[in-house]
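Structure record follows, encoded as structure tokens.
The values are calculated or read from the model by the stated rules, or taken from the named source; none is laboratory data. On a predicted model such as this, the values are computed, not experimentally measured, just so you know. All Cβ positions, even for glycine, are placed from backbone atoms using ideal geometry, and neighbour counts span all protein chains on display. Areas reflect the complete protein model, heavy atoms only, side chains present, ligands, DNA and RNA absent. Shrake-Rupley method; radii C 1.70, N 1.55, O 1.52, S 1.80 Å.
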Amino acid sequence: MADTSSPVVAGFEVRSRPVPESADPVHSNPLLNRLYLARGIRSVDELNTDLKRLENYQALKGLEQAVALLDKARREQWKVIIVGDYDTDGATSTALAMLGLGAMGLNIDFVLPNRFEFGYGLSVAIVEHVAQQSPDLIITVDNGIASIDGVARAKSLGIKVLVTDHHLPAQQLPNADAIVNPNQPGCGFASKAACGCTVLYYLLISFRALLREQGVSPLPNLGAWLDLVALATIADVVPLDKNNRLLVYQGLQRIRAGKARAGILALFEVAGRDWKQARSLDMGFVVGPRLNAAGRLDDMTLGVQLLLTDDPAKARSLAAQLNDFNVERRQIEASMLQELEHLDLESVNGRGQASAVVTGENWHEGVIGIVASRLKDRLHRPVVALSSVDDQLMKGSARSVPGVHLRDCLDWVATKDKTVLEKFGGHAMAAGLTLAATKLAIFTELFDQAVLELSEPEALLPHLMTDGSLEDSEVNLENALAIEQAGPWGQHFPEPSFYGAWQVLDGRWLQGKHLKLTLKKHKEEISAIAFNCTHLSTNEIPAAVHGIYQLSCNRFRDNISVQLIFNRIDASALVV
């Protein structure tokens, strides 16, 4: 069962999630029971995925004012413009608003700010751009809670503003006509981890309830768009609390049944993945990145068009364009990471420290967030990657490790020195920021102090959490299928991973960095693949390995078998 020792893999201490011994069972499968208990599940009821178990929309602060605005817009046929964000959460939220509000009678269109021209959120510049269309109402999705100046400019132009967002607010809120955000002060909605698309989904639920009371017909089936909510929730890496797990489960069920948006199915197909076996992992590492690529390199309008179309042929064409963007994004990312290939804690800004702030010449603004994420994984430190906008300003993306809340750290910096950050926003694990180039050194020092001050105990110690070791008898297809079909897994409800050691019977290198292996422990042989093994010598195959793996199902033609997928692996001198 759980390991009592602390092995080390690729420089990371391997720890096991504790499992309470006295807890009542929550699942009939012994392995799943152990996994669920380790993730804080204490009753069978918490695993109920019936939509009737959704958190009550009436607990969301601001819904009454928001729905009143929408109803007036419908009755008087106001011109309504959605202003979204250029990531997957923003694109799905925009598409959901277009589909849902359009189906409920609003005269609606959308604008997505190009990150290279307008930057993030409801800025003054984007308001003035949208104002050329003479809208009566602007609705923000997945942004707006920090848009003090943008909202003020819209109001000065006689445009009403409805903010829907999920990001953490500052002390001052924008002077909008209505704000729906579970994280605003005084909101009693239990799921504070809702993504932007979920907030918009709840607004649609409330608006439809009002129209039903008024006898309006027909009204849309909101369940038809849960695939969008599931994609946004996983891709935005928000914690999978009970409510989010329920939404993701229902969305994945729609995708597996082929009832998803044509664009989502097309993204599966262009990536060579089977949507009939859709998992959270696919949303985070297959569909999401391809949709995100449009906003990173070009214009996310293309991604919204993909999500809006009902034409499979058009969806395939748009998905192919997004796939090409994703290939280009990977090439840019590889080039940027090559500059940082030898980066370690001692070389970051001249000393080992609690965080890493990195910059590069001509770094692509749309890809720096991925670079920050890759470095965060390597260094086990919060990382800020910065790119020069011009001679005076730098834009950055930050990524964190569990136990270090990024938004709080940036707020700490802003409190210590109000001249350092031009603007910032985000949540615990990811954030964006802009600062003056002349403030780089002071920001680096203050951010490091913030991380030291606010990090939880041991958060900065390089470690990896697993579900311990599996007995030989537990490494079987039944358990692999059970894990695949359970969950859904994601942030704060991680996909199960295990530690183990094996003798290597056979192996070969793939693309010079991945290892395809046949392993043996005692009498059992099993296939495995380990990705990105650049720390190992590619001139040889190790005689034994140990590492952290996922118990997976390998499907080839009509056959299905168990396969171990290693995300951390080392050559081993262990006797296995």
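Just one of the numbered conditions (1) under 16 Å from the mean Cα position of the chain (by Cα); (2) surrounded by 24 or more Cβ atoms within 10 Å (Cβ to Cβ) is not true of residue 226; which one?
With respect to (1) under 16 Å from the mean Cα position of the chain (by Cα); (2) surrounded by 24 or more Cβ atoms within 10 Å (Cβ to Cβ), residue 226 is out only on (1).
Quick check on this structure: which one of 560, 548 is in contact (Cβ under 8 Å) with a residue 40 or more places away in the chain, open to solvent by less than 20 Å² (accessible area, probe 1.4 Å) and within 32 Å of the chain's Cα centre (by Cα)?
548
Determine if region 472-481 includes at least one residue that is out of contact with any Asp or Glu (no Cβ under 8 Å at 6 or more places or on another chain), closer than 21 Å to residue 370 by Cβ and not basic (Lys, Arg).
Within region 472-481, none of the residues are out of contact with any Asp or Glu (no Cβ under 8 Å at 6 or more places or on another chain), closer than 21 Å to residue 370 by Cβ and not basic (Lys, Arg).
Could you check residue 341 against (1) assigned to a loop (DSSP other than H, G, I, E, B); (2) of a type in the set (Asp, Glu); (3) open to solvent by less than 60 Å² (accessible area, probe 1.4 Å) and say which number it fails?
(3)
Kindly evaluate residue 217 against the criterion of being surrounded by fewer than 19 Cβ atoms within 10 Å (Cβ to Cβ) and of a type in the set (Ser, Thr, Tyr).
yes
Residue 388 passes all but one of (1) more than 22 Å from residue 460 (Cβ to Cβ); (2) touching a strand residue (DSSP E or B) at 6+ places or on another chain (Cβ under 6 Å); (3) open to solvent by less than 60 Å² (accessible area, probe 1.4 Å); (4) not aliphatic (A, V, I, L, M); which number fails?
Condition (3) is where residue 388 drops out.
As an exercise: evaluate residue 2 against (1) open to solvent by 30 Å² or more (accessible area, probe 1.4 Å); (2) at pLDDT 95 or above; (3) over 30 Å from residue 132 (Cβ atoms) and give the number of the one condition it does not meet.
Unmet condition: (2).
Is it true that some residue in region 77-96 is in a helix (DSSP H, G or I), over 17 Å from residue 208 (Cβ atoms) and open to solvent by 10 Å² or more (accessible area, probe 1.4 Å)?
No, region 77-96 contains no residue that is in a helix (DSSP H, G or I), over 17 Å from residue 208 (Cβ atoms) and open to solvent by 10 Å² or more (accessible area, probe 1.4 Å).
Which residues, counting only those in region 147-166, are surrounded by fewer than 24 Cβ atoms within 10 Å (Cβ to Cβ) and in contact with a strand residue (DSSP E or B) (Cβ under 7 Å, 6 or more places away or on another chain)?
Of the residues in region 147-166, the ones surrounded by fewer than 24 Cβ atoms within 10 Å (Cβ to Cβ) are 148-149, 152-153, 155-160.
155, 159, 160 - these are the residues of region 147-166 that are surrounded by fewer than 24 Cβ atoms within 10 Å (Cβ to Cβ) and in contact with a strand residue (DSSP E or B) (Cβ under 7 Å, 6 or more places away or on another chain).
Which of the numbered conditions does residue 190 fail, given that it passes all the others? Conditions: (1) of a type in the set (Gly, Ala, Ser); (2) assigned to a helix (DSSP H, G or I); (3) open to solvent by 10 Å² or more (accessible area, probe 1.4 Å).
The single condition residue 190 does not satisfy is (2).
If the Cβ limit is 8 Å and pairs must be 6+ apart or interchain, which residue in region 210-235 that is under 14 Å from residue 278 (Cβ atoms) and among the charged types (D, E, K, R) pairs with which residue that is assigned to a helix (DSSP H, G or I) and open to solvent by 50 Å² or more (accessible area, probe 1.4 Å)?
These pairs meet every condition: 227/254.
Anything in region 483-507 that is open to solvent by less than 10 Å² (accessible area, probe 1.4 Å) and either among the aliphatic types (A, V, I, L, M) or free of Cβ contacts under 8 Å to residues at least 12 places away in the same chain (or both)? List them, or say none.
483 - this is the single residue of region 483-507 that is open to solvent by less than 10 Å² (accessible area, probe 1.4 Å) and either among the aliphatic types (A, V, I, L, M) or free of Cβ contacts under 8 Å to residues at least 12 places away in the same chain (or both).
Of these, 245, 254, 212, 261, which one is charged (D, E, K, R), open to solvent by 30 Å² or more (accessible area, probe 1.4 Å), at pLDDT 95 or above and closer than 21 Å to residue 285 by Cβ?
Exactly one residue qualifies, and that residue is 254.
Any chance region 160-171 includes a residue that's farther than 21 Å from residue 236 by Cβ and either of a type in the set (Phe, Trp, Tyr) or in a loop (DSSP other than H, G, I, E, B) (or both)?
Among the residues of region 160-171, at least one is farther than 21 Å from residue 236 by Cβ and either of a type in the set (Phe, Trp, Tyr) or in a loop (DSSP other than H, G, I, E, B) (or both), which makes the answer yes.
In region 131-146, which residue that is more than 27 Å from the chain's Cα centre (by Cα) and closer than 17 Å to residue 97 by Cα is most open to solvent (accessible area, probe 1.4 Å)?
Step by step, filter region 131-146, then rank; the result is 136.
Scan (1) within 28 Å of the chain's Cα centre (by Cα); (2) more than 28 Å from residue 380 (Cβ to Cβ); (3) of a type in the set (D, E, K, R) for the single condition residue 521 breaks and write down its number.
Among (1) within 28 Å of the chain's Cα centre (by Cα); (2) more than 28 Å from residue 380 (Cβ to Cβ); (3) of a type in the set (D, E, K, R), residue 521 violates only (1).
Take the residues of region 112-137 that are closer than 16 Å to residue 196 by Cα and among the aliphatic types (A, V, I, L, M): which is modelled with the highest pLDDT?
Among them, the one singled out is 122.
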